[in-house]
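The values are calculated or read from the model by the stated rules, or taken from the named source; none is laboratory data. Note that the structure is a prediction, hence the values are computed from the model and not measured. Cβ placement follows ideal geometry from the backbone for every residue including glycine, while neighbour counts extend to all protein chains displayed.
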Amino acid sequence: MRQSQLFTKTRREAPADEVAKNAQLLVRAGYIHKEMAGVYSYLPLGLRTLNNIVKIIREEMNAIGGQELVMTALQDKELWSRTDRWDDEKVDNWFKTSFKSGGETGLGITHEEPLTRIMTEHISSYRDLPVYAYQFQTKFRNELRAKSGIMRGKEFLMKDLYSFSKDEAEHKAFYEKAREAYVKIFNRVGLGDQTYVTFASGGIFSEFSEEFQTVSDAGEDTIYVDESKKIAINKEICTDEVIAKLGLKREKLIEKKAIEVGNIFNLGTRFSEPLGLSYTDETGVHKPVVMGSYGLGPTRLMGTIVELMADNKGLVWPESVAPFSVHLVSLGKEGDPSRRGGAEADEISKTADTLYDDLVKAGVEVLYDDRDNSVGQKFAESDLLGIPKRIVVGKKSVETGIFEVVDRATGNVVETPRAELFA
């Protein structure tokens, strides 16, 4: 992509109505556009980054047997009433509206109910189990706290996976695989060292659920971490009894602020029984299906990466999720009109054009700053965009075939021969 043709525009100042670092930087860098509190549009650079995160999650869900589908956002009031989750007194963050033909509908906050109903038409025998289905879908929640940028929105992308198993043993085997898959995801996006499996309240479903909490001062949760065991306890359940039950010692627990980036739940038969999802086992006995739920928000994950990795110059993306792996910056076109079009600038531009074409042919994801801007502006915007590697094409590159390669995360500069740029 040539930057002169890229649909984006950077800003020098952070928007005055944003308090979260992730939103401030993503808006300044032209990755997102704020529509209203807690609602954002994803511009080309933001969408490329988000899609890379989705790709990683999809690969790990498929690796444990997940099958992808997409369900509807509009929800059936009658269905949710059967599980006692329609009433605003029970679930207070619905967006609800009415059909012109009569009757209410809501915008999906989660999808246990509709998928369970779908499964009643596909599961009747033990031979039909297990099933592991997931989706990436926009969710809607009427959040009162919409001050955390893309980490807590009223409209956001969610990966939600649901497991359907014959019994508790089969469910637990998959639950363990899902936990391992989540750990792999957080490692792949660069958050593994700061993300802890965290025991939390299981509500009515089981004694514990498990959250994945990434340590950050921007977090809304308080957790107590045993760093040697790489596990934590949510403050809400951190009692002496729970600490003992988990085999931990209070004196080893360190209090930290954290961002919840994922969670996994044991659902048991909470939804299968009221919605009539059962199967016939090998002996002809009817049994309810045992379920689990596994949530992870790609948009929240994207915001968390910004909160942890950005610096005072701008965004810093891990290569695995960056919109481009290389930012090619040509110094051939200066902002000073007296130098524009000169022979030296022409040679630099030609060298940069050829290198850009060769990088693209080699399959490198490259953003090429071919604009007629000053060197200072180009470097400042390159830092703001946060692409992992910057290749600078200047006078020295033309004369010697040596290029400056700058690591965005560390600032290290390596003088690199042209041939090694493709290694």
Filter result (hydrophobic (A, V, I, L, M, F, W, C) and in contact with a Ser or Thr (Cβ under 8 Å, 6 or more places away or on another chain)) within the range 134-163: 150, 151, 156, 157, 158, 161
Qualifying positions in the range 354-374 - at pLDDT 95 or above and out of contact with any strand residue (DSSP E or B) (no Cβ under 8 Å at 6 or more places or on another chain): 354, 357, 358, 361, 362, 363
Is it true that residue 320 is within 30 Å of residue 406 (Cα to Cα), in contact with a Lys or Arg (Cβ under 7 Å, 6 or more places away or on another chain) and either modelled with pLDDT under 95 or polar (S, T, N, Q) (or both)? yes
Only one residue in 145, 141 is assigned by TED's automatic domain parsing to the domain that holds residue 173, buried (at least 19 other Cβ atoms within 10 Å of the Cβ) and basic (Lys, Arg). Which one? 141
Please work out which one of (1) touching a strand residue (DSSP E or B) at 6+ places or on another chain (Cβ under 6 Å); (2) crowded, with 20+ Cβ neighbours inside 10 Å; (3) touching a residue at least 40 places away in the same chain (Cβ under 8 Å) is the condition residue 270 fails and give its number. (1)
Requiring at least 1 residues that are assigned by TED's automatic domain parsing to the domain that holds residue 130 and closer than 27 Å to residue 218 by Cβ, the strands (runs of 3 or more DSSP E) wholly within the range 244-294 are 254-268
Restricting the search to the range 84-102, which residues are surrounded by 10 or more Cβ atoms within 10 Å (Cβ to Cβ) and of a type in the set (Phe, Trp, Tyr)? 86, 94, 95
Scan the range 201-218 and give yes if some residue there is modelled with pLDDT under 95, within 20 Å of residue 161 (Cα to Cα) and touching an Asp or Glu at 6+ places or on another chain (Cβ under 7 Å), otherwise no. yes
The condition of being closer than 30 Å to residue 13 by Cα and of a type in the set (A, V, I, L, M, F, W, C) holds, among 385, 359, 421, only for 385
Output the qualifying pairs, or none if there are none: Cβ atoms under 9 angstrom, residues six or more apart or on different chains, first residue in the range 401-412 and assigned by TED's automatic domain parsing to the domain that holds residue 382, second residue loosely packed, with under 15 Cβ neighbours inside 10 Å and among the polar types (S, T, N, Q). 405/412; 406/412
If the requirement is being more than 30 Å from residue 323 (Cα to Cα) and without any contact (Cβ under 8 Å) to a residue 12 or more places away in the chain, which of these qualifies: 59, 89? 89
Residues in the range 94-105: is at least one aromatic (Phe, Trp, Tyr) and more than 18 Å from residue 139 (Cβ to Cβ)? yes
For residue 222, indicate whether it is within 24 Å of residue 250 (Cα to Cα), in a strand (DSSP E or B) and touching a Lys or Arg at 6+ places or on another chain (Cβ under 6 Å). yes
